[in-house]
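Worksheet for the structure shown next.
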Amino acid sequence: MTHIYNDPDTFKSDVLTGFAAAHPRYVERVPDASGFIRAGGPLAGKVSLVIGGGSGHYPSYNGVVGPGFADGAVLGDIFASPSAEQVYRIARAAHGGAGVVLAFGNYAGDRLNFGAAADRLRAEGVDVRVVWVTDDVASAPPGAEGDRRGIAGTFTVYKVAGAAAEEGRDLDQVERLMRHANAATYSFGVAFDGCTLPGASDALFHVQDGQVDFGLGIHGEPGISTTDWIPAARLADQLVDRVLAERPDSADGRAAVLLNGLGATKYEELYVLWSEVEPRLRAAGVDLVDPEVGELVTSLDMAGCSLTVTWLDDELAPLWQAPADTPAYRRGQAVAGGRFTERAASAGAIAVDTQETASPASRRHAAVAQSLLATLAATVEAHKDRLGEIDAVAGDGDHGIGMSRGSRAAVEAAEVAVAGGGGVHSVLSAAGAAFGDRAGGTSGILWGLLLDTVGESLGNQEPVTLDRLAAAVRAGATKVQSFGRAELGDKTMLDALCPFADALERGAGASLPLAQAWRAAAETCTAAADATAPMVPKVGRARPLAERSIGTPDAGAVSLALIVTAIGEQLDQTRQILEESS
């Protein structure tokens with residue numbers, strides 16, 4: 001259990017506040033952003049390594065900001081990717097003029113949000129490279145390494161990149177060496193029990209007494225197989241055999257090895273396990289180079305551990321052994337700015353778009369949109385726990401929490417936009433930006449994109465009609481599909497969104513009243529969401545646990561169906577406003 005907190009919703013921000021206060025020698029907060037850069041600001045001429053992901057993994061991310069390691073860290077809420085806006089703000093503040101590498105574990109939400117931030121930075125002239133880590137051998141077979149998720153191997157890969165940047169390598173070299181390290185890194189983990197989100201009454205999953213889960217993730221996902229409890233010697237056999245099974249032919253034996261605790265496994269237990277792992281590695285011809293035993297990438301209070309091997313060569317070994325000085329990890333005598341002596345100039349304030357003047361009809365419909373967003377938020381809040389339970393079957397269980405954060409932020413932003421005289425576009429765009437920023441993760445960026453695209457299609461001048469609304473929803477579905485790169489049948493929100501858009505267009509073609517057409521489309525959406533239950537997920541965090549998800553519908557599809565159904569019921573009450581403006 002997480003025993004110390006004020007409000008679960010402010011847990012991450014409270015952690016950031018306390019961390020900044022505890023480590024002013026190493027880090028400084030970026031104003032209005034969820035993360036840190038190195039104390040004193042970016043170093044002019046140095047490539048900046050910005051790492052990030054969801055909270056709950058300390059010391060990963062913020063704990064390794066400092067000389068020889070990362071230049072910035074951006075954190076999302078517990079187990080949720082930081083939003084594109086937050087990644088952009090941290091990376092912009094960390095940029096010293098020589099380019100930025102954005103690095104994270106291979107998860108759908110992180111790839112979408114970091115990718116969107118990179119596009120925005122590139123549009124401003126910043127040279128950005130994006131590298132994700134794929135070390136978990138349990139999450140995809142050999143030959144599909146690009147589908148593997150990033151777990152404790154992220155630590156080694158980040159360390160290599162940070163050292164390369166610290167010694168003055170250019171952006172091309174830092175990116176190349178980081179990818180080289182990733183390709184040489186393999187991890188496998190076990191869990192003895194699940195982790196509990198702050199404020200939750202129970203863990204995201206449990207391992208039965210006397211059993212062990214193999215192949216766990218680091219976001220509260222359960223493992224891929226279960227066995228009866230085994231002693232440390234046999235556990236060491238399992239870990240070593242699985243990781244060494246993919247030893248590349250080019251490996252000369254040198255390796256950086258991590259035995260990583262996941263948050264609730266005692267250090268004494270890790271050392272017992274290491275007493276069995278170390279001789280097995282040596283017997284297999286592994287030359288251990290400065291191995292690490294301890295908590296490096298955790299998962300709140302999960303009981304478990306993982307073994308990581310990064311095969312070293314003449315390029316990687318010196319970078320792994322290079323000095324580093326951070327709040328949670330120190331090696332040798334690292335000196336801040338040893339090669340770089342000047343601080344880069346501030347990036348300056350972030351420009352804010354001005355609001356387009358709206359027509360009277362669009363302002364009236366904007367007020368309707370605001371009320372429907374409130375319905376959306378209320379619906380999510382009422383079903384938050386259920387959505388989390390669905391998501392926890394094969395994922396990390398945070399879908400309901402993330403949707404709750406995002407929808408409440410969207411309502412607040414819409415209220416401000418309406419008060420400022422905004423039209424439908426202004427209100428939905430503001431709501432979408434707030435949703436994406438506050439929710440984070442895959443749901444955050446996709447819902448933010450959906451709301452913004454619908455708003456852009458409807459504009460700030462013309463009244464909302466069924467024809468225009470159907471076209472706007474279609475545009476939103478197309479944008480979500482294009483950006484998220486999912487296909488129908490992949491078991492995602494898209495499997496409910498596209499049928500909803502199809503049905504709304506049919507209603508428009510039949511000249512049905514708007515509320516009637518929406519309700520009919522909502523019924524189609526609900527049926528489509530239910531139909532995702534027998535599907536096998538092909539993308540996202542549920543993919544490595546595909547078999548476990550069969551029989552349970554996709555959480556994103558279910559939340560969409562619940563929302564559009566509730567909005568359909570609310571539309572009857574707003575029909576007069578819509579008809580008067582049409």
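The values are calculated or read from the model by the stated rules, or taken from the named source; none is laboratory data. Computed from a predicted model, the values in this text were never measured in an experiment. A quick note on method: Cβ atoms are made from the backbone with ideal geometry, for glycine too, and the neighbour counts reach across all protein chains shown. Areas reflect the complete protein model, heavy atoms only, side chains present, ligands, DNA and RNA absent. Shrake-Rupley method; radii C 1.70, N 1.55, O 1.52, S 1.80 Å.
Could you work out the helix-only [θ] at 222 nm for the chain, with each DSSP H run of four or more residues adding -39,500 (n - 2.57) and the total divided by the number of residues, to the nearest 500 deg cm²/dmol?
Per the formula, -15500 deg cm²/dmol.
Could you order D135, D301 so the one with the most accessible surface comes first? Probe is 1.4 Å.
D301, D135
Hey, if we sort W274, W229, W132, W447 by accessible area with the 1.4 Å probe, largest down, what's the order?
Largest accessible area first, the residues go W229, W132, W274, W447.
Distance between Cα centroids, region 10-88 to region 427-473: provide it in whole Å.
Computed from Cα coordinates, the inter-centre distance equals 30 Å.
Restricting attention to region 250-327, which trypsin sites (Lys or Arg not before Pro) occupy a DSSP loop and are surrounded by at most 14 other Cβ atoms within 10 Å?
Those satisfying the criteria are K266.
Scan [x] 1.15; [y] 1.21; [z] 0.99 for the value of Cα Rg over 2.2 N^0.38 Å calculated from this model and give just the label.
It is the one labelled [z].
For D313, D127, D467, give the ranking by accessible area with the largest first, probe 1.4 Å.
D467, D127, D313
Just to be sure I understand the rule: take each whole DSSP H helix in the chain, project its Cα atoms onto its long axis, keep it if the span is 27 Å or more and its mean Kyte-Doolittle hydropathy is at least 1.0. Which ones pass?
Flagged H segments: there are none.
Here is the link list: K12/K384; K159/K479; K384/K491. Which ones come out longer than 29 Å on Cα distance?
Distance filter (> 29 Å) returns K159/K479.
Would you mind putting 377-386, 450-459, 498-507, 103-112 in packing order, based on average other-beta-carbon counts within 10 Å, highest first?
Final packing ranking: 103-112, 450-459, 498-507, 377-386.
Output the relative contact order of the chain, whole-number percent, from Cα pairs under 8 angstrom with separation of 6+ residues.
About 13 percent, as a whole number.
FRET efficiency for E246 and Y267, Cβ-Cβ distance as r, R0 = 35 Å, nearest 0.05?
0.80
So, in nm, how far is label D228 from label A378 when the simple model puts each one 7 Å beyond its Cα toward the Cβ?
5.5
Given P59, L43, A93, which one lies farthest toward the positive end of the charge dipole of region 9-100, if we put +1 on the Cβ of every Lys and Arg and -1 on the Cβ of every Asp and Glu?
The residue sitting most towards the positive pole is L43.
Looking at the square roots a ≥ b ≥ c of the eigenvalues of the Cα gyration tensor of region 405-549, which shape do they give, rounded for a/c under 1.5, prolate if a/b is larger than b/c, or oblate?
Oblate, because a/c is 1.5 or more while a/b does not exceed b/c.
Accessible area per residue for the chain in Å², computed with a 1.4 Å probe and the full protein assembly in place, what is it?
About 38 Å² of surface per residue is accessible.
Ranked highest first by average number of other Cβ atoms within 10 Å, how do 234-242, 137-145 line up?
234-242, 137-145
Leaving out ligands, DNA and RNA but keeping every protein chain, what accessible area does E85 have, in Å² rounded to the nearest 10, with a 1.4 Å probe?
Approximately 50 Å² of E85 is accessible to the 1.4 Å probe.
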